[in-house]
Structures are given as structure tokens and as C-alpha cells.
1. Going by what's in this entry, would M53 be described as closer than 29 Å to S116 by Cβ and either assigned by TED's automatic domain parsing to the domain that holds V167 or outside any loop (DSSP other than H, G, I, E, B) (or both)?
2. For the condition closer than 29 Å to P152 by Cβ and in contact with a Phe, Trp or Tyr (Cβ under 7 Å, 6 or more places away or on another chain), what is the one hit in L101, L35, L125?
3. Kindly establish whether F60 is of a type outside the set (D, E, K, R), more than 27 Å from K88 (Cα to Cα), touching a strand residue (DSSP E or B) at 6+ places or on another chain (Cβ under 8 Å) and assigned by TED's automatic domain parsing to the domain that holds R112.
4. Those residues that are touching a Phe, Trp or Tyr at 6+ places or on another chain (Cβ under 6 Å) and in a strand (DSSP E or B), I need them from the stretch 73-98; list them, please.
5. Report whether or not A111 is without any contact (Cβ under 8 Å) to a residue 24 or more places away in the chain, in the same structural domain as M171 (by TED's automatic domain parsing) and aliphatic (A, V, I, L, M).
Amino acid sequence: MTFAHTDDTAQAFIQRWQHNTASELATSQSFVMDLCDLLGVSKPHPTPELDYMFERPVTFSHGDGSTSAGRIDCYRRGHFVLEAKKLKAGSHTKGFDDGLLRARSQGEAYARALPSSEGRPPFVLVVDVGTVIEVYAEFSKTGGTYTPYPDPRSHRLTLNELARPEVQDRMRRIWTDPESLNPARISAQVTRDVAALLARLAKSLERSPAVQQSSSPAVQQSSSPAVQQSSSPAVQQSRL
């Protein structure tokens, strides 16, 4: 499946969805499938393993010993939990922000309700269909607090931002290689790259003609008489 998409493809996706007013139930799965097309990734499909699908069932365990059932809007094992909404509040209102925060809490609860044998996915995605996608991450996979990714200023992606290649690449990695977005892994790779660069630089300097000449026997011999003269009795006497 190709990852190359033209601006026209992205714009067609944006135009189709940004003015959509249908309900969450009627639109969320179609939105996710169109997003998969845009990113060039496989679409959710039911499997016996329940590893990549819509409406993934989970069981909540409560403090009093009781349980209750829930379903994740879209789930990919080891990658993300996606919670979709279609909020009625305007996108620049407190009601809209509060609705997304509630959806984030739901997404985190679903992640923690997954069987421990599956681990916790590193990402929680909160989608308001046709408006924004919010990205939260927790790379320890222990079910800790999911925090805005990559930071609180840029974790909320508007629909128009999905036209940017770097944003598409980030989203694609969530689907295909989420660990490549782990800051700890990125930092370790940078450290390795710097160490390799310094090693190559050191070898290059060792092969440098100037360095080789300064350490050659001829250079050492040419400087030897001067050194010997400076330590001769005559020179030493002149210093007294």
C-alpha cells in the first residue's frame, strides 16, 4: 500500500468531512476508514484475535467486585485506543474542550480495561468527527496517565492540518510503528548517531596527513637535537 498522496487527495478528505453534521454513530467508522485511506494503512477488520477492529469489547472491573461491559470505538493492539465523538458544541467553546476531556478519560479507561496480557497501547486518540483529532501518549504501556503528544500546544490536530505531510507521517507511524515516536527511543538514536559521527571524525583525523606528519620519526628526529641542546651543560650554565 502506497504512502504517497497528493494534495488533492488530502483536500478531498478534508472537504468531505469538515462540514459533516451527521451523528457519531453514523459517521465515526466511515471517518476512520477514510483516514486509513489517506494515510495509506490497512483498515480495521474483525478477527478472532480482536487485535484491530471497531467496537472492540472490554470488561470493566469495579471496586465492589462487580463488572460491566464496554466497547472501544476503534482499537489496534499495541498501537492505540480511539474514542470518537461528534460534539454539538462549537469548536472554540469550553463545552467543546470539556467534551474532548471526557472522551480522553473514556479512552484511558478503555486502555486500562484491556486484558493485562495485551499490555496497554502507547496512544489514545480522541476524535471529534470532522473537526479535530487529539493525540495522547504513554510509552511505558503500564496504563499510566496519557499526556498530550508531542506536546500540549500541538497535540490537537485540526482537519486542515491533515494535509501537511509531516502530520500524515506522524499519524501513519501511530498506525504502523508507534515506538518510532517514543521520545526515549529517539533520544537514544540521536546519542548513537552522535557517537558514530565522533568516531568517524576521530578516524578521519588519524588519517590526516598533518597528523601523520607530526607523529612521524622524521619529525620527531628533527626536533630531537634542539631538545638535546636545551638540556646540554652549556645551555644549562647559561640559564644559571
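1. Here the answer is yes, as M53 does meet what is asked.
2. Working: L101 fails: in contact with a Phe, Trp or Tyr (Cβ under 7 Å, 6 or more places away or on another chain); L35 fails: in contact with a Phe, Trp or Tyr (Cβ under 7 Å, 6 or more places away or on another chain).
Of the residues listed, the single one that is closer than 29 Å to P152 by Cβ and in contact with a Phe, Trp or Tyr (Cβ under 7 Å, 6 or more places away or on another chain) is L125.
3. yes
4. C74, R76, F80, V81 - these are the residues of the stretch 73-98 that are touching a Phe, Trp or Tyr at 6+ places or on another chain (Cβ under 6 Å) and in a strand (DSSP E or B).
5. Here the answer is no, as A111 does not meet what is asked.
The values are calculated or read from the model by the stated rules, or taken from the named source; none is laboratory data. Because the structure is predicted, anything quoted here is derived from the model rather than measured. All Cβ positions, glycine included, derive from the backbone under ideal geometry; neighbour counts span all protein chains shown.
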